[in-house]
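What follows is a set of notes on a single structure, which appears directly below.
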Amino acid sequence: MRVLFSATEIAARVDALAAEIARTLPNDFVMVGVLKGAWVFVADLGRALDRAGAHPEIEFMRLASYGPAKESSGVVQLIDDVPTGLAGRPVLLVDDIVDTGRSIAYAAAQLRQHGIGDLWTCALLDKPQRREIAVALDFVGFKVGNVFVVGYGTDHAEKYRHLPYIGICGLM
Ligand code: IMP
Ligand code: MG
C-alpha cells in the first residue's frame, strides 16, 4: 500500500476546509454525512468546525453503490431514510470521494425532495477525470487522478476503513 495522504496531511487539510466552511455557511447548518465512507471525515470535520467556531448539527444518510468491486455498480440505493427535520435548513452534504458523481447527485436530489434550504457540498477527495454526472462541489479536500484509494473511512470490499491515512490500492 502506497501512502497518498498521511494522517498529518489530512488533518491539516481538514482544518483548512473547516475554516473555509465556517466562513461561508450560515451558523445554523446541518452537516449530513454519507455512510459508510464519510464516517471518519465527518468525525474529524465536525471537531475541526468546532475549532473554527461553527456548531453544526450532524446527521447521516446511508447509500450503497459499490458492492465488492472497485467499479461502482452504477445503481445508487438509499439504505436508510433521509433524516427528518431538515425542511428549510441549510445543509452541508459531506462525502468521502466523488468519483462518477452519481452518489452525491443522488443524495442531493433526495435532500432537495425533502425540502431542505440551501445546499453546499463537500468531498474529501475529488476524482474529476472519472466524472459522468456534472456535480457542483463547493469544498474539496484533495483532487486525485484515476486511482482507487482506501483508508480514512473508505474501503475495498469493507477492508481498510480503519487506516489513519489514505493509500493507493491500485489503478482503476
Ligand atoms: P460515485 O457515485 O461514482 O461518485 O462514487 C462515490 C462513492 O464510491 C464514494 O462515496 C465512495 O464511497 C466510493 N468510492 C469511489 N471511489 C472510491 C475509491 O477510490 N475508493 C473507495 N471508495 C470509492
Ligand atoms: Mg461513499
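The values are calculated or read from the model by the stated rules, or taken from the named source; none is laboratory data. These numbers were taken from a predicted model, which means no experiment stands behind them. Remember, those area values only see protein heavy atoms, side chains included, never the ligands or the DNA or RNA. Shrake-Rupley method; radii C 1.70, N 1.55, O 1.52, S 1.80 Å.
Give me log10 I(q)/I(0) at q = 0.24, 0.27 Å⁻¹ for segment 104-172, Debye formula, one equal scatterer per alpha-carbon, no solvent.
Treating every Cα as an identical point scatterer, log10 I(q)/I(0) equals -1.12, -1.21.
Along segment 51-61, what does the Karplus equation 6.51 cos²θ - 1.76 cosθ + 1.60 (θ = phi - 60°) give for ³J(HN,Hα), rounded to whole Hz, x for Gly and Pro?
Values per residue, Gly and Pro as x: 5, 8, x, 9, 9, x, 7, 10, 10, 9, 10 Hz.
Over all alpha-carbon pairs in the chain, figure out the percentage whose distance exceeds 27 Å.
Details: 2846 of 14706 pairs.
The share of Cα pairs beyond 27 Å in the chain comes to 19 percent.
By DSSP, what percent of the beta bridges with both residues in the chain are antiparallel, rounded to the nearest 5?
Numbers: 12 of 33 bridges.
DSSP beta bridges in the chain are roughly 35 percent antiparallel.
From the backbone phi of segment 78-84, what are the Karplus-calculated ³J(HN,Hα) couplings (6.51 cos²θ - 1.76 cosθ + 1.60, θ = phi - 60°) in whole Hz, Gly and Pro given as x?
Coupling constants for segment 78-84: 8, 8, 9, 5, 5, x, 7 Hz.
Connecting C-alpha atoms closer than 10 Å in a GNM of the chain, tell me which of Asp15, Asp95, Asp80 has the biggest fluctuation.
Largest GNM mean-square fluctuation: Asp80.
Which length gain, in nm to one decimal place, applies between Thr8 and Asn146 when the Cα-Cα distance is subtracted from 0.36 nm times their residue separation?
Numbers: separation 138, 0.36 × 138 = 49.68 nm, distance 2.32 nm.
Gain in length upon complete extension: 47.4 nm.
Explain nothing, just the number: relative contact order of the chain, from Cα pairs under 8 Å at least 6 residues apart, as a whole percent. List each step's numbers first, then the result.
On the way: 354 pairs, mean separation 42.9, N = 172.
Computed over the chain, the figure is 25 percent.
What relative contact order, as a whole-number percentage, does segment 109-172 give when Cα pairs under 8 Å and 6 or more residues apart are counted?
24 percent
Per DSSP H run of at least 4 residues, take -39500 (n - 2.57); add these up for the chain, divide by its residues and hand me the 222 nm value, nearest 500 deg cm²/dmol. Don't skip to the answer; put the middle values down first.
Numbers: 3 runs with 43 residues, N = 172.
The helix-only estimate for the chain comes to -8000 deg cm²/dmol at 222 nm.
Counting heavy atoms of the protein chains only and a 1.4 Å probe, report the per residue accessible area for the chain as a whole number of Å². Kindly include the intermediate steps, with their values, before the conclusion.
Values: 8150 Å² over 172 residues.
Value returned for the chain: 47 Å² of accessible area per residue.
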